[in-house]
Amino acid sequence: MNFNLLFDNISYNLKGLYYTFLFCSTIFLLSGCSVNKYLEKDKYLLNSVKIKGAKKVNSEALSEISKQRPNRKILGTRPYLAIYFFGKKFFDSTKVENDIEKTTAKYDKKINKASKESKKNKLKERKEKQLDKYQITLEQGNWLMRTAGEPPVYYDSAMTNQSVSHMSYYVQSNSFFQGSAHAKTDTNNRKINVKFSIHEGKEYVVKSYTLLSQDTTKTTLIIDSIIQANFKNAIIQPGERYQEEDLTSERERINDLLKNNGYYDFSRQFIFFNVDTLQSPYTIHIKLIVENPKDKPHKQYYVKNIIFDADVTAKKTQDTDTIFYRNINYILHGKKYSKRILENKIKIEAGSIYRIKDIQATQRHLASLDMFKFINISYEKDKNDTTGNGLIAYVRTSPLKKYQITDEWGLTVATQAFVPGPFGNVNFKNRNVFGGFEVFEINLKASAEGYSSFSDPNNVLRTQEYSGNTSLSFAEILFPFDRIRDIFKDLSPRTRMAAGIALTKRPEYDRLIINNSYQYTWLPGKFSSYNFSLIDINVINTLRTEDSFVQYLQDLQNNFGSNLIYSFNNSFVSNANLAYTYNDNQLGTNKNSSYIKLYVEPGGTIFNIPGLDKDSIFGLKTYKYLKGSVDLRKYYPLSKKSTFAVRFNVGAVYAYDKTGALPYEKFYFAGGSNSNRAWAPRRMGPGSYVDRDSAGNAQYKFEQSGELLIENNYEYRFNITGFIDGAVFVDAGNIWVLNEKSAKSRPERLFKPSTFLSQIGVGTGFGIRLNFSFLILRFDLGIKTIDPAAKGSKFVFPKLFDKPPFGPKHQTIFNIGIGYPF
């Protein structure tokens with residue numbers, strides 16, 4: 001098969017489709033400029049809504065309060081509205097009504113003829129589904145109008161008046177009691193602009209926030225003492241601007257506080273605030289009042305009994321004997337579960353006060369075991385408790401299947417080649433192997449895909465990968481000393497032993513890697529985790545290398561001082577590594593969130609021990625190196641369907657043995673769909689270096705490796721329509737060599753504090769994403785903007801227009817990716 005020709009055809013077609021989409025979008029944009037002739041008679045299109053004068057009040061919140069929002073615009077035009085009117089040309093409501101009548105008659109006839117009641121019910125269901133579809137079309141228009149288009153937003157004076165009223169209330173409830181809102185409109189060519197003017201006035205500041213006690217009963221005094229002891233954590237603080245929403249937040253805080261101190265029956269309806277504005281000008285004195293129920297005071301409840309049911313779906317005929325172990329009653333239904341581990345996972349303690357946080361912690365720890373379909377925790381008052389303060393805690397679960405086989409089959413498209421290849425993945429899982437919540441897994445994977453040659457990105461080759469991995473994980477830290485295990489028992493600990501083998505077959509070489517590792521993981525918080533590999537050993541065996549590939553590596557060493565040739569020796573790579581991850585970004589939500597990953601990896605440390613200080617072991621080359629990285633990401637929601645994302649990623653690796661060599665997998669690379677998208681995968685840098693042909697033209701031909709990586713990415717993500725999202729991005733960064741020997745005769749490859757800023761490459765671009773929730777398929781077009789390796793001016797963006805529509809060779813790179821780049 002001629003992979004070069006296939007690559008060219010696929011690449012050309014994909015780019016053609018991409019630019020066709022852009023052309024159609026431009027047509028829609030232009031058509032959006034003249035929609036007046038389609039507007040309904042005597043109605044005016046809402047052109048813009050602006051809010052002025054909001055200096056301290058949240059203007060975004062005011063914008064959300066506005067009852068009407070104009071049609072979305074791009075570059076000052078309304079493409080979605082244009083699409084709507086375009087689709088309306090093909091919409092005939094009379095035809096839809098006729099289809100409804102025909103469908104009704106057709107199904108009624110079939111229903112009357114049906115003899116069985118079950119068949120009649122099925123026909124009725126089909127009829128309702130079909131009629132529902134027609135009804136949606138009748139009310140909202142055809143597919144183009146509903147999905148890609150956006151109906152016109154006509155100005156409504158009643159809604160504007162409502163917006164004024166709600167905005168005034170919002171301003172007044174956020175410190176500006178004398179504030180107000182007003183609206184003005186101006187009309188231009190059947191379009192109306194609405195301008196809301198906000199008058200804030202002088203703000204009111206909280207002067208004092210105190211607790212007003214209702215009585216001196218023992219119960220009230222206990223509640224008062226709990227609240228007083230936690231006043232330092234109050235949402236309302238003296239000296240700050242008064243905001244009504246803070247009262248709601250403070251009510252929630254106090255409710256949770258008391259719920260975590262035994263008050264099982266307590267609810268937020270007993271919490272009131274007395275807001276006094278009369279004592280002095282522009283100041284507010286707030287008193288907190290916690291009322292008692294009319295019939296009896298609030299009670300503190302204690303957990304008297306805990307019942308753990310291992311399978312609420314089990315039949316009653318099964319063994320349901322209750323086993324009592326360390327103050328917990330276990331109903332195991334014959335299952336062999338370690339009660340010692342369960343006791344560590346159940347954070348509710350007999351004799352302790354009722355606490356919501358114990359429920360949440362128990363659910364989190366039990367869920368981490370990967371043993372249960374669901375975990376339900378509830379409380380009931382103990383009828384046999386003479387004090388009336390006792391509770392029974394019920395922990396009800398349902399087990400997952402002990403043996404589970406999952407498989408996945410499909411095609412992958414390598415981002416650097418666009419050549420599809422099949423893959424298969426089979427996973428076997430055995431839960432609770434020895435009765436201590438162990439999980440044993442076997443994973444088998446095979447794939448074949450196209451990729452760019454090591455020495456030529458335009459030469460598309462076929463690679464095959466086969467791997468088999470086994471792992472056994474335990475629900476605790478396996479360590480000789482109990483004291484160490486106890487430290488981690490509340491942190492959802494796991495110990496994982498893994499072994500695997502992987503074979504990679506490329507035309508340049510065949511490589512076999514055998515891996516063994518011993519890992520600990522624990523979760524110190526809801527959003528943070530640690531992963532510590534006590535030992536990670538890889539035995540790398542290069543089974544075959546092509547003579548031309550060996551010669552290429554030899555030339556790199558002779559001409560540039562590169563020690564990459566050592567990376568393909570048979571080798572023994574040992575390391576320990578520690579990773580910390582913080583991620584409060586929840587899937588499916590659009591909120592202000594952060595991602596932090598810190599990673600450190602000392603490699604070959606064991607060979608620093610006297611007597612083991614060797615360059616090889618068992619005939620395999622050894623390595624000594626230090627590697628670390630910092631990956632910081634931040635996500636800023638700009639609206640319900642748009643986000644601004646930022647990433648800063650730095651990594652460095654340094655070899656300190658005699659050869660200064662590194663395993664090939666430990667190098668850093670730049671370029672590609674998850675890096676700088678204006679460069680082909682692994683073809684950027686190092687520094688301002690680029691391989692050139694005999695005429696001096698840049699080729700970006702060979703894979704380039706570095707020991708230092710600096711990346712900075714910015715991306716604006718927005719929804720275009722339905723499941724189609726768009727993005728505009730800027731990528732900056734590069735890789736460098738740290739070892740001076742590796743920069744022999746090529747000093748531009750070496751990192752220097754005085755020159756590295758001028759060697760930062762910048763790419764810009766835009767993309768389309770198909771967001772299917774469970775899968776995001778990404779198409780990005782990267783455009784070189786600042787090329788540190790360019791001759792003359794480094795600002796190369798203008799060259800894009802030298803040879804439209806794609807610019808000169810290597811000016812644009814088309815990327816396909818799965819998921820977000822960061």
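Across segment 307-332, the number of residues qualifying as small (Gly, Ala, Ser) and either in contact with a helix residue (DSSP H, G or I) (Cβ under 9 Å, 6 or more places away or on another chain) or modelled with pLDDT of 90 or more (or both) comes to 1. Checking each residue in segment 774-818 for being assigned to a strand (DSSP E or B), out of contact with any helix residue (DSSP H, G or I) (no Cβ under 9 Å at 6 or more places or on another chain), buried (at least 19 other Cβ atoms within 10 Å of the Cβ) and not polar (S, T, N, Q) picks out 778, 780, 782, 813, 817. Taking every residue in segment 278-291 that is more than 21 Å from residue 203 (Cβ to Cβ) and pairing it with any residue that is open to solvent by less than 10 Å² (accessible area, probe 1.4 Å) and assigned to a strand (DSSP E or B), at least 6 positions away or on another chain, the pairs with Cβ-Cβ distances below 9 Å are 288/271; 289/271; 290/271; 291/271. Contact annotation: residue pairs with Cβ atoms under 8 Å, 6 or more positions apart or on different chains, pairing a residue in segment 243-268 that is without any contact (Cβ under 8 Å) to a residue 12 or more places away in the chain with a partner that is in a loop (DSSP other than H, G, I, E, B) and aliphatic (A, V, I, L, M), are 246/235; 246/236.
Taking the criterion of being over 30 Å from residue 292 (Cβ atoms), of a type in the set (Gly, Ala, Ser) and either open to solvent by 20 Å² or more (accessible area, probe 1.4 Å) or modelled with pLDDT under 95 (or both), would at least one residue in segment 199-212 satisfy it?
Residues of segment 199-212 over 30 Å from residue 292 (Cβ atoms): 199-205.
Add one more test, that the residue is of a type in the set (Gly, Ala, Ser), and what stays is 201.
From what is left, the residues that are either open to solvent by 20 Å² or more (accessible area, probe 1.4 Å) or modelled with pLDDT under 95 (or both) are 201.
The answer is yes; a qualifying residue exists.
As an exercise: evaluate residue 644 against (1) in contact with a strand residue (DSSP E or B) (Cβ under 6 Å, 6 or more places away or on another chain); (2) buried (at least 22 other Cβ atoms within 10 Å of the Cβ) and give the number of the one condition it does not meet. With (1) in contact with a strand residue (DSSP E or B) (Cβ under 6 Å, 6 or more places away or on another chain); (2) buried (at least 22 other Cβ atoms within 10 Å of the Cβ) applied to residue 644, the lone miss is (2). Report whether or not residue 595 is outside any loop (DSSP other than H, G, I, E, B) and either closer than 30 Å to residue 523 by Cβ or open to solvent by less than 70 Å² (accessible area, probe 1.4 Å) (or both). Criteria met by residue 595. Among residues of segment 222-253 being in a loop (DSSP other than H, G, I, E, B) and farther than 22 Å from residue 356 by Cα, the one that is most open to solvent (accessible area, probe 1.4 Å) is 240.
Here residue 662 meets each of (1) open to solvent by 20 Å² or more (accessible area, probe 1.4 Å); (2) assigned to a loop (DSSP other than H, G, I, E, B) with one exception, condition (1).
If we keep just the residues of segment 600-614 that are in a helix (DSSP H, G or I) and modelled with pLDDT of 80 or more, which is farthest from the chain's Cα centre (by Cα)? It comes out as 607.
It is to be established whether one or more residues within segment 521-538 are of a type in the set (Asp, Glu) and either open to solvent by 40 Å² or more (accessible area, probe 1.4 Å) or in contact with a Leu (Cβ under 7 Å, 6 or more places away or on another chain) (or both).
Going residue by residue through segment 521-538, those that are of a type in the set (Asp, Glu) are 536.
Keeping just the survivors that are either open to solvent by 40 Å² or more (accessible area, probe 1.4 Å) or in contact with a Leu (Cβ under 7 Å, 6 or more places away or on another chain) (or both) gives none.
No, that holds for no residue.
Scanning segment 615-626 for residues being open to solvent by 30 Å² or more (accessible area, probe 1.4 Å) and within 41 Å of the chain's Cα centre (by Cα) gives a total of 2.
Out of the residues in segment 271-304 that are in a strand (DSSP E or B) and among the hydroxyl-bearing types (Ser, Thr, Tyr), state the one that is nearest to residue 398 (Cα to Cα). Break it down stepwise before answering.
Our first condition is that a residue be in a strand (DSSP E or B); within segment 271-304, this holds for 271-276, 283-290, 302-304.
With the extra rule that they be among the hydroxyl-bearing types (Ser, Thr, Tyr), the set shrinks to 283, 302.
Numbers: 283: 56, 302: 27 Å.
For segment 271-304, the residue satisfying everything is 302.
The residues of segment 331-389 that are crowded, with 17+ Cβ neighbours inside 10 Å and on the phi > 0 side of the Ramachandran plot amount to a single one, 333. The combined condition, being surrounded by fewer than 18 Cβ atoms within 10 Å (Cβ to Cβ) and in a loop (DSSP other than H, G, I, E, B), is not fulfilled by residue 701. Selection within segment 727-766: residues that are of a type in the set (Ser, Thr, Tyr) and open to solvent by 60 Å² or more (accessible area, probe 1.4 Å). The member of this set that is modelled with the highest pLDDT is 758. A Cβ distance below 7 Å, combined with a sequence gap of six or more or placement on separate chains, defines the contacts here; from segment 548-568, residues that are at pLDDT 80 or above and open to solvent by 50 Å² or more (accessible area, probe 1.4 Å) reach residues that are in a helix (DSSP H, G or I) and β-branched (Val, Ile, Thr) in the pairs 554/565.
Filter segment 138-178 for residues that are touching a strand residue (DSSP E or B) at 6+ places or on another chain (Cβ under 6 Å), more than 30 Å from residue 94 (Cβ to Cβ) and among the small types (Gly, Ala, Ser); which is modelled with the lowest pLDDT? Once the filter is applied, the top-ranked residue is 175. Taking (1) touching a Leu at 6+ places or on another chain (Cβ under 7 Å); (2) over 15 Å from residue 567 (Cα atoms); (3) of a type outside the set (Asp, Glu); (4) surrounded by fewer than 16 Cβ atoms within 10 Å (Cβ to Cβ) in turn, residue 639 satisfies each apart from (1).
The values are calculated or read from the model by the stated rules, or taken from the named source; none is laboratory data. All of these numbers come straight from a predicted model, not from anything done at the bench. Virtual Cβ from ideal backbone geometry, glycine too; neighbours counted across all protein chains shown. These area figures cover heavy atoms from the full protein model, side chains too; ligands, DNA and RNA do not enter into them. Shrake-Rupley method; radii C 1.70, N 1.55, O 1.52, S 1.80 Å.
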